[in-house]
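Accompanying notes for the structure given below.
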Amino acid sequence: MKKNLLSIILAFSFCTASYGSNEILLKSAPASVKVFLKGAQLNYSVRTQLERGLNDLVFTGLASNIDRNSINVSAKGEAVIISVAQRFNFLRIPEKTPQIKNLEDSLDSQNRNLAFNQNETDVFKSEIDLILANKNIGNEKIGVSVSELQKMGEYYRKRLTEIKSKIFELSLSAKKIKKNIDRIQNQLEELNNQLNKPVNEIVVTVSSNTGTILDLELTYLIFDAGWRPAYDIRIDNVNSYASLNYNADVWQNSGFDWNDAQIILSTRNPGSNNNKPELNPWYLDFERPVLLREMKSGTEKFASSGVMQTVLDAAAPAETMANFIDVLETQLSIEFTSSIKYSIPSDSKPHTMALQVYTVPSIYEYYAAPKLDNNAFLVAKLTDWNKYNLLPGQANIYFGNSYVGRSGINPATTKDTLTISLGRDQNISVSREVVKDFSEDKFLSSNVERIFAFEIIVKNNKKQLTKIMVEDQIPVSRHEDIAVKLIESSGAIYDAETGTVKWIVDADGGKSVVKKLIYSVKYPKDKRIMGL
């Protein structure tokens, strides 16, 4: 009974925050951050001086969305942790971020520029009023000569034109300044709305018989952060190995910037279901006939059952930052720890970290499928790539310092070779032409036999001999009444299961190589073939 009562008291103390008078404010940036694929664990280390008796140690300036169940506090020193509580403090004014301070400085500068602009405009307008007020240069007694009148006219015209041009330029400048002010104010309004949220705090109540120094460790989990793998595959030329750069795009929206923090990336996902699967009994039974009367009386129920069944079925080589990353393979995940501190702003945008650089053995060859494309493609085959503990992600491909495109990396595939296309080679052309002398239809007693004949022409416009793998195909029958027969393939490698026909062509420079592909399809003449 005492044990249960103690558990209830501790649980209540964890959920309820106290605002005691003997509070010691602890404001510290995270010393390290462990970023998961979804979520991040923030770690704080603080040393503080305690007073004798009870002390409320308040961690403030924490992330806005904390997973309460993940809060963990440990201490080293002559003190006892009585309770741990999370609270939202509506009275504490959050500290302005550097971004807000910079924007406020920019706003003050723009307002000063607008004020100077307005003062200069007012001065020019006053000068116009002064000129117009003194435009009478003569009176009834004293006349004005023509030359004097011309001089005054030229002065008025020149000076008024200059002043009005200046006023026009100032008005254009004022519009630009006002637009800048509006943009800055809108951004400040958005940031201040986030700043006006209550401050998230964790209160640790400790008891000490004597005033002592206490070392506290606080960790908690947030889900407004994460990382995803990103790769760069760089190949200099066909005589070099491929360089596989393993990067991470890290993002976070904790409410404050992670400045100069040690970043640890983990392949674990704490948000996933960690319960082991359970197999339930698999029962077999005969289908129960559904009577027409039951169908009529329970139409809605029967229809609903059918929809549910459908849903269930559907568900069924200069030094890089990578040189400063330590890789640790734990029991359940892989962790990448940087010996250099990073700063990740709280902007939900991806920020790239270099994790590892691998040198991967590569095989290069030309590939062509003239049925689909008349060009030959240079292909790199990366071997043994699946031993590097990679995660699924997109890779940017670079060949000879030029961007080629993107390709997907999926370690779940069973293939030990990753094939990457490096682009077309315009100096090699491959064509596929129908040979009409061989192509014909034969009508037998009950069957039709169609013969298809093609010539594959490989032309090498390069100066040196080039090896090219050329692939084509013939159809594969799924019915015993449909017979497919390969008649001529010019020595190709034929896979009967997939219908693939493959040639390894050695084409001399400036020469052409011709391969023939002839096959027949026989089927009942009263049937129509789909896909032929």
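Tabulated values for the structure
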| quantity | calculated |
| --- | --- |
| FRET efficiency for Ile24 and Ser348, using Cβ-Cβ distance with R0 set to 30 Å, rounded to 0.05 | 0.35 |
| Packing-based ranking, highest mean first, of 154-163, 351-360, 116-125 given that Cβ atoms within 10 Å are counted | 351-360, 116-125, 154-163 |
| Segment 381-476: GluC sites (Glu not before Pro) in DSSP coil with no more than 14 other Cβ atoms inside 10 Å | none |
| Exposure proxy order (Cβ contacts within 10 Å, fewest to most) of Phe377, Phe168 | Phe168, Phe377 |
| Alpha-carbon spread of segment 184-244, three principal axes, descending order, Å | 73, 44, 19 |
| Cα centroid separation, segment 173-239 to segment 344-422 (Å) | 33 |
| All-pairs Cα distance distribution in segment 321-426, expressed in whole percent, bin size 5 Å | 2, 9, 14, 19, 18, 15, 9, 6, 4, 3, 0 |
| Convex hull of Cα atoms in segment 361-532, direction-averaged projection (nm²) | 12.8 |
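Rule-based calculations on the coordinates, nothing more; no lab input. Owing to the predicted nature of the structure, the values given are computational and were not obtained by experimental measurement. Using ideal geometry, Cβ is built from the backbone for each residue, glycine included, and neighbour counts are taken over all protein chains shown.
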